[in-house]
Amino acid sequence: MDVKKLKQDVIEYAQQIGIDKIRFASADTFETLKERLIENRTLGYESGFEEPDIEKRTNPDLLLPKAKSIIAIALAYPSKMKDAPRSTKGERRGIFCRASWGKDYHHVLREKLDQLEEFLTSQRSDVRTKSMVDTGELSDRAVAERAGIGWSGKNCMIITPEFGSYVYLAEMITNIPFEPDERVEDQCGSCNKCIDACPTGALVNPGQLNSQRCIAFQTQTKGFLPDEFRTKIGNRIYGCDTCQMVCPINKGKDFHLHPEMEPDPEIAKPLLKPLLTMKNREFKEKFGHVAGSWRGKKPIQRNAIIALAHFKETSALPELVSLLHKDPRPVIRGTAAWAIGKIGEADVKDELEKALIREQDEEAKAEIEKGIQLLKETSATN
């Protein structure tokens, strides 16, 4: 079959199944990316969630022998929530980042890639493919940049002219020599708003991210959140959108093209207090379908505790004291103790002191001591 015609047929089919943008790239080794990945590893900027083998991350031929091209796809997701509930005193709410508002995008894009693969196979019997979404070996952003889906912004996001950076990315390596598309010209210019706005300085240079300092990464860790990030996290319980929200290209970009990506406001912006005592089964039933649930309940609960401290939500003290005394997890007990101190009601000091005597975990004990110290500082200033 004529490869040029097949490419056009693939593009038309992609449009029929709801893929918002599709482009094609060569399967050459990503040499520039390889240099950057080596540098980031040396500097300690990796998150640890990535594929550890840099060769696999940069050489498509290792993933699909005799790879000839890569098909890159993008689906646009909403940036605004309809009928978003307000966070009020006594009814404080957390927030999931926009990439976790609807059905888990890994499943959504995987379904699209499976359909594309079936279509290609129906057209050519010799087709071989390897598809991936986010957790695969290749860098979705590097593929999308090469294919011309968009340019790589200073915030390390792919920014498309049509949809801004509010797009999910995925790719398919093939053994078909599709003609590559041209790249999109970088339009960031002299703008540094994302770098200036990053709450933790994680964007160390244009296009260079220290993942260890990124709030999106920190919200996904399972241990104690480092002190310096606790005042930065606000009410975020998963992810961070700051570098997208300040981007001028994203202004006015809000697409509601896929019903499965529409957020349920009670899930995307949930009440915080109910999260503290939620059982595993209830958590999976309510949040299991969104991308932000992938690390389980514990990080979300820890972040919810920190968010309540951020709001100084005194009505949450009974729940926090209960966690302090009864939760089997040191991270939750300790974070609750710190939050109690941060909220600053002197009449709970006895609860912290009783917990300190009983606590066996050294890290949790240190957090209880922090809580007591915070209460002392609060009472000294009142």
Pair list, Cβ < 8 Å and 6+ apart or interchain, from the stretch 238-255 residues that are over 16 Å from Y168 (Cα atoms) to residues that are of a type in the set (F, W, Y): Y238/F96
Looking only at the stretch 115-124, and only at residues there that are in contact (Cβ under 8 Å) with a residue 60 or more places away in the chain and in a helix (DSSP H, G or I), the one that is surrounded by the most Cβ atoms within 10 Å (Cβ to Cβ): L116
Restricting the stretch 330-361 to residues that are surrounded by fewer than 17 Cβ atoms within 10 Å (Cβ to Cβ) and under 21 Å from N303 (Cα atoms), the residue that is modelled with the lowest pLDDT: E345
Members of the stretch 73-102 found to be over 23 Å from A309 (Cβ atoms) and among the polar types (S, T, N, Q), listed by number: S79
Residue list for the stretch 72-114, filter: acidic (D, E), farther than 22 Å from P299 by Cα and not in a helix (DSSP H, G or I): D83
Pairs where the first residue, in the stretch 43-64, is within 12 Å of Q212 (Cβ to Cβ) and the second is assigned to a loop (DSSP other than H, G, I, E, B), C-beta under 7 Å, 6+ apart: Y45/N210
Hits in the stretch 1-52 - residues which are among the hydroxyl-bearing types (S, T, Y) and closer than 20 Å to V184 by Cα: S26, T29, T32
Filter result for K370 (surrounded by fewer than 20 Cβ atoms within 10 Å (Cβ to Cβ) and either among the hydrophobic types (A, V, I, L, M, F, W, C) or over 17 Å from T221 (Cβ atoms) (or both)): yes
Matching option when the condition is farther than 18 Å from E31 by Cα and among the β-branched types (V, I, T), among T135, T58: T135
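Of the residues F163, F178, which is more than 24 Å from W101 (Cα to Cα) and aromatic (F, W, Y)?
Matching residue, one of F163, F178: F178.
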Filter pass, T160 being surrounded by 19 or more Cβ atoms within 10 Å (Cβ to Cβ), over 18 Å from A67 (Cα atoms) and either of a type in the set (S, T, Y) or at pLDDT 95 or above (or both): yes
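The values are calculated or read from the model by the stated rules, or taken from the named source; none is laboratory data. Computed from a predicted structure; not experimentally measured. Note that each Cβ is placed from the backbone with ideal geometry, even for glycine, and that neighbours are counted across all protein chains shown.
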